[in-house]
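The values are calculated or read from the model by the stated rules, or taken from the named source; none is laboratory data. Nothing here was measured: the structure is a model prediction, and the numbers come from that model. Cβ: placed from backbone, ideal geometry, glycine included. Neighbour counts: every protein chain shown. To get the accessible areas, we keep the full protein, side chains included, count just its heavy atoms, and leave off ligands, DNA and RNA. Shrake-Rupley method; radii C 1.70, N 1.55, O 1.52, S 1.80 Å.
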Amino acid sequence: MSRVRADEEEYWHSSKFRAFTFDDEDDELSQLKESKRTVNSLRDIVDDDDDDLERVSWSGEPVGSISWSIKETASGSTSSLDGRDSSLQKGSSSYAALPKQASSYSLSSLFKGRNKLSSFQSLSDALTDTGVKNYAPELRRPKAEYKDYSSDWSPKDTVRRMQRGKVCSLERFRSLQDKLVLLDEAVAGHDGNVITAVLIFLKRTLRREILFRELEVRQVALCHLIHFLREMGEQKFLLDLLRFLDRTEEVALSQYREHLNIQDVEKRREFLKGCIGLPFSAEDTSHIQDHYTLLERQIIIEANDRHLEMSGQSELFRKYPRKASILNMPLVTTLFYSCFYHYTEAEGMFSSPTNLKKTFKIPDKQYVLTALAARAKLRAWGDVDALLTTKNWLGYTKKKAPIGFHRVVEILQRNNAPVQVLQEYVRLVEDVDTRLNLATKYKCHDVVIETYRDLKDRIQLTEYKCKVERGSAEEEKIHSILSN
């Protein structure tokens, strides 16, 4: 009993490691010897009686494969835990031998994919044996062994990768020279998306003065940046760029576009009034003045017409209710509205069509076209006749249409004008072929018959006789002309 206790004491106080001394060999040979001794000491633990036999697991996989190693390791750990629990329950105090696992395998079988092992090899022999295929998973290489290939991309290679849709980091281009070379390569690639991406990077990483100075000599990139800023609504940055380039008119136009974002009518009117003093060209200044005047007129007309519509005093508003507000409408729409609701008003009224024509210098052709469409929609044929009738200095009257009578006929027909009204203006078409085509298309029989009569074309008149109704006045008229 005392001997057993002495063995236990010796076991617990013994150690395989030596104390540190400065005489220890620290070279690779001593470490290799120590590893070899450690592996050889495992012979007493691992049972290698079956090394000469080929072992196959229940799944049919050879011993030594990766999947087999994982499964066997898991099962071995479970069995070892079970053995430990049973030993604790029995209260055994002997530590001379370890319990044998259910599936024993040698250490070399984990490093080599051999099914048959003739003899147990040491760890050093296993590591030096290169003829056997290694089935163990390869450890991940340290980050130091991987080379950052992105740092080797030149500006040209970066642009090419961006053109192919590859993800590229532009942060490595830190110097001004590298950034400018990158921009030049992007412009040379003729890809708008790449140019815009590089410009966004330069806009974020360069000071405005430096960026503006370099873009001044690169017009293609400059145009891309201006378009990008307008699309994104970066108004302040765009104005700074245009001021640096001394483009005063473009600065004024950019500021003028801000009125589109103002919804309140009174605020928009005040904003337009302030835009009149901006450095526009002479032509643009007149347009800004007209825009302000038109909005001012629209505010007055809208207030009066809303009152008339709500009070019900105007029969025209009761019969034809307004579909939309006149505010912020174009000049032509405002003229059509005025010709529709305020055609008979005196010239001194702001809503009078003649007042709008004189104030905004509307050409006669545009005025006649708009007024004709408005009055024809109301089927006011008397106003149409008066609109197209002129009087010379001798007091004689005649029909005149700046837009051409063929267009007058088309407008009247679109508004369902009666045949008698259409025939009156079809006769005024000067070109004979156009007149015949319009008369035939809109069934103006009298005009067709009179035209063939004037042309003395008996054949065409005879053929046209078959196209009119039998016993009608047109047939009698054709028969009378052919008989005479």
- Message: List the helices (runs of 4 or more DSSP H) inside the range 423-484, counting only whole elements, that have at least 1 residues being over 60 Å from the mean Cα position of the chain (by Cα).
- Response: 445-455, 458-465, 473-483
- Query: Do we have any residue at all in the range 391-406 that's outside any helix (DSSP H, G or I), exposed (fewer than 14 other Cβ atoms within 10 Å of the Cβ) and β-branched (Val, Ile, Thr)?
  - Reply: yes
- Message: With the requirement that a residue be free of Cβ contacts under 8 Å to residues at least 24 places away in the same chain, surrounded by 14 or more Cβ atoms within 10 Å (Cβ to Cβ) and not hydrophobic (A, V, I, L, M, F, W, C), what does the range 438-459 give you?
- Response: Thr440, Glu450, Thr451, Tyr452
- Item | Number of positions in the range 251-281 that are open to solvent by 50 Å² or more (accessible area, probe 1.4 Å) and assigned to a loop (DSSP other than H, G, I, E, B) | 4
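Pull up the range 327-347, narrow it to residues that are touching a Ser or Thr at 6+ places or on another chain (Cβ under 8 Å) and aromatic (Phe, Trp, Tyr), then point me to the one that is most open to solvent (accessible area, probe 1.4 Å). Don't jump to the end; show me each part of the working.
To start, the set of residues in the range 327-347 that are touching a Ser or Thr at 6+ places or on another chain (Cβ under 8 Å) comprises 332, 335-336, 338-339, 341-342, 345-347.
Checking which are aromatic (Phe, Trp, Tyr) leaves us with 336, 341.
Values: Phe336: 71, Tyr341: 38 Å².
Per the criteria, the residue is Phe336.
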- Task: Test each condition in (1) open to solvent by less than 60 Å² (accessible area, probe 1.4 Å); (2) assigned to a loop (DSSP other than H, G, I, E, B) for Asp246 and report the one that comes out false.
- Result: (1)
- Item | Residue among Asp284, Asp290 that alone is farther than 19 Å from Leu356 by Cβ and of a type in the set (D, E, K, R) | Asp284
- Item | Checklist (1) under 19 Å from the mean Cα position of the chain (by Cα); (2) surrounded by 13 or more Cβ atoms within 10 Å (Cβ to Cβ) applied to Gly233, failing item | (2)
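Among the residues of the range 182-196, what is the count of those that are in a helix (DSSP H, G or I) and open to solvent by 50 Å² or more (accessible area, probe 1.4 Å)?
4
Restricting attention to the range 197-230, report how many residues are modelled with pLDDT of 90 or more, within 25 Å of Phe280 (Cβ to Cβ) and in a helix (DSSP H, G or I). So that I can check it myself, show each step before the final result.
Kept after step one, since they are modelled with pLDDT of 90 or more, are these residues of the range 197-230: 197-229.
With the extra rule that they be within 25 Å of Phe280 (Cβ to Cβ), the set shrinks to 212, 215-216, 219, 222-223, 225-229.
Then keep just the ones that are in a helix (DSSP H, G or I); that gives 212, 215, 219, 222-223, 225-229.
Within the range 197-230, residues that are modelled with pLDDT of 90 or more, within 25 Å of Phe280 (Cβ to Cβ) and in a helix (DSSP H, G or I) number 10.
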- Output the number of residues of the range 228-238 satisfying the condition of being touching a helix residue (DSSP H, G or I) at 6+ places or on another chain (Cβ under 6 Å) and farther than 16 Å from Ile200 by Cβ. 0
